[in-house]
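Taking it in order: structure first as structure tokens, then the write-up.
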Amino acid sequence: MTAPAPALAGRLREIVGVDGVLTDPADCAPFLVDHLGRCRGRAVAVVQPRSLAHVSQLLGLCDSERVGVVPHGGNTSYCGGAIPDDSGRQLVLSLKHLNRIRSVDVTNYSLTAEAGCILSQVQQAADAAGCFFPLSLGSQGSCQIGGNLSTNAGGVNVLRYGMMRDLVLGLEVVLPGGRVLEGLSSLRKDNTGYDIKSLFLGAEGTLGVITAATVKLFPQIRARATALVALPEVRAAVTLLGQLRAASGDRISSFELISRPALELATRHIPGVSDPFTAAHPWYLLCELSSARAAEPLDEVLEEALGAALTRATVLDAALVRSERERAALWKLRESIPEAQRHEGASLKHDISLPVAVLADFVTRAASWIGANVPDGRLVAYGHVGDGNLHFNISQSAGSDRERFLGRADSVRCAVHELVHEFGGSFSAEHGIGRLKVGELERYASPVELALMRAVKRAFDPHGIMNPGKVLREQ
Ligand code: MLT
Ligand code: ZN
């Protein structure tokens, strides 16, 4: 990539106006480091377009000048996907001003939102129209829908509704060079050749810039039953998943596993979070049934199924939620685990998925490897067990040396991912590749897959300006 032309800043200002181009180091700083402080970069400028036309002109200019463009949303990536490299030649493209809900179509159960909309804004717009948008993550108050689309985000409702990819009907995308793919279709059926939009979902901005999307809505949730369940072992979670799916007529929307150390971190570091049980248990499950029918007796269904599981000793104890306040408290316990881990010190994160049937065996093998090989770390596992997705994280033990602990990151990552591979799993379930897992993708994707990905990249972005070095190494 050649150096940007000296007059670049001026040409950027011609497109987006003086206010739309940040070059002052203090203004740019928040866009140049990820939220965990693990990835840092430099940029020629941070540009904040206000319209589709702006994005189109910017990608036209950057393509002709061969300037790398790093799309940036809510900056909640775990893989450094939205941070430029340290060359100082890339441009950060913040979508924050493209933040309009363009339309809600209640008849079609769909909504069109611009990329810079905060996820919670999309949920609220759906709710105000009497509908439900199911994507839900801990960072929903700050992550942006463009980032959710670009990373194919998951979260706590995937078991019922699928990942972001499953929720998309149409996309508007600006391609390198400035052409616009006007694909905001709201059709549910459209078998007209290759599904081009699908390529942008999970591409992490390496093929183009998503500027808007039409997503699916669902009937509003009118009945819920929620419980925190204590378990003797991971295997019990998998057994209970099958039992509960059958007993509830598949009404489970969330099925979240929490290990004892994860619960301890949340109760220790997050004010207002407490353990609802008097005894300590090795594993917990936050499970929620939900329905759009207000009259559905979900509490009864859950109580009966958990009662049967208690009798069979699959479950050790259960706390059923009796009010919205208690429900919010349990969700706070689950969703504050990542923040609690940050308070505890450094952590090594592994966002893995496995076939549900082998989850328990994997955890046994991997936990024993960690016990033997990471003396200064403590396994803090939690995650979306209903989807086979674990956040298999390791927190630095109290009093240990941070740098020495972090120095183990590569060898621990290799060992965990090798074991995941052996068990038929994935090293990236829902957080993407970004710049931190490019080597892992090269290691675990098949040569055919990699060749196809590189061919797609060349076809969409022949000059390699889109988020260079993310997902695939620069060629
Ligand atoms: C979560 O499920 O809480 C996040 O995806 C994982 C994390 O923040 O570690
Ligand atoms: Zn997660």
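The values are calculated or read from the model by the stated rules, or taken from the named source; none is laboratory data. Just so it is clear, the structure is predicted and the values come from calculations on it, not from any experiment. Glycine gets a Cβ as well: all are built from the backbone with ideal geometry, and neighbour counts include every protein chain shown. Surface areas here come from the heavy atoms of the whole protein model, side chains and all, with no ligands, DNA or RNA. Shrake-Rupley method; radii C 1.70, N 1.55, O 1.52, S 1.80 Å.
So what is the relative contact order of the stretch 103-252, in percent, for Cα pairs below 8 Å that sit 6 or more residues apart?
Reported as a whole number, the value is 27 percent.
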Contact order normalised by residue count of the chain, Cα under 8 Å, 6+ apart, percent: 15
Selection from GLY141, VAL215, ALA292, by position along the positive dipole direction of the chain (Cβ): VAL215
Normalised contact order of the stretch 342-411, rounded percent, pairs of Cα under 8 Å and 6 or more residues apart: 44
Residues of the stretch 120-149 with amide N under 17 Å of a point placed 7 Å along Cα→Cβ from ARG188: 131-134
Integer Hz, Karplus 6.51/-1.76/1.60 couplings in order for the stretch 137-151, x for Gly and Pro: 9, x, 8, 5, x, 9, 5, 10, 5, x, x, 4, 5, 5, 9
Residue order for TRP331, TRP369 - accessible surface, 1.4 angstrom probe, largest first: TRP369, TRP331
All Cα pairs of the chain, percent lying beyond 29 Å: 51
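For the chain, with every protein chain kept in place, what is the accessible area per residue (1.4 Å probe, Å²)?
The answer is 42 Å² per residue.
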Accessible area (Å², 1.4 Å probe, nearest 10) - HIS463: 80
Sulfur and carbon atoms: percent of accessible area, the stretch 100-212 [1.4 Å]: 49
Shape of the stretch 126-255, Cα gyration tensor, a/c cut at 1.5: prolate
The stretch 1-66 - Rg and Dmax from Cα coordinates, angstrom: 12.6, 34
Heavy-atom accessible area order for LEU231, LEU137, largest first, 1.4 Å probe: LEU137, LEU231
Phi to ³J(HN,Hα) by Karplus 6.51 cos²θ - 1.76 cosθ + 1.60 over the stretch 411-427, Hz, x for Gly, Pro: 5, 5, 4, 4, 5, 5, 5, 4, 5, 4, 4, 4, 8, x, x, 10, 7
Local electrostatic count, THR211, Cβ distance below 14 Å [Lys/Arg +1, Asp/Glu -1]: +3
Within-15-Å neighbourhood charge of GLY242 [Cβ basis; K, R +1; D, E -1]: +2
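Rounded to the nearest 20 Debye, what is the dipole magnitude of the chain about its Cα centre when Lys and Arg each give +1 and Asp and Glu each give -1 at the C-beta?
Approximately 480 debye in magnitude.
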D_trans [Stokes-Einstein, Kirkwood Rh over alpha-carbon pairs] for the stretch 98-143, 4 °C, 1.567 mPa s, µm² s⁻¹: 122
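Report D for the stretch 341-420 in µm² per second (integer): Stokes-Einstein, Kirkwood Rh on Cα pairs, 25 °C, 0.890 mPa s.
192
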Net +/- balance of residues flanking ARG165 in space, Cβ distance below 12 Å, scoring K and R +1, D and E -1: -1
With all protein chains modelled, accessible area of MET163 [1.4 Å, Å²]: 40
Per-residue HN-Hα couplings for the stretch 262-267 [Karplus 6.51, -1.76, 1.60; θ = phi - 60°; Hz; x = Gly/Pro]: 5, 5, 4, 4, 5, 6
Rounded percent of accessible protein surface that carbon and sulfur make up, the stretch 262-330, 1.4 Å probe: 53
Structure-based [θ]222 nm, the chain - -39500 (n - 2.57) summed over DSSP H runs of at least 4, per residue, nearest 500: -10000 deg cm²/dmol
Whole-Å distance, taken between Cα centres, linking the stretch 167-219 and the stretch 391-438: 32
Rounded accessible area of TYR78 (nearest 10 Å², 1.4 Å probe): 50
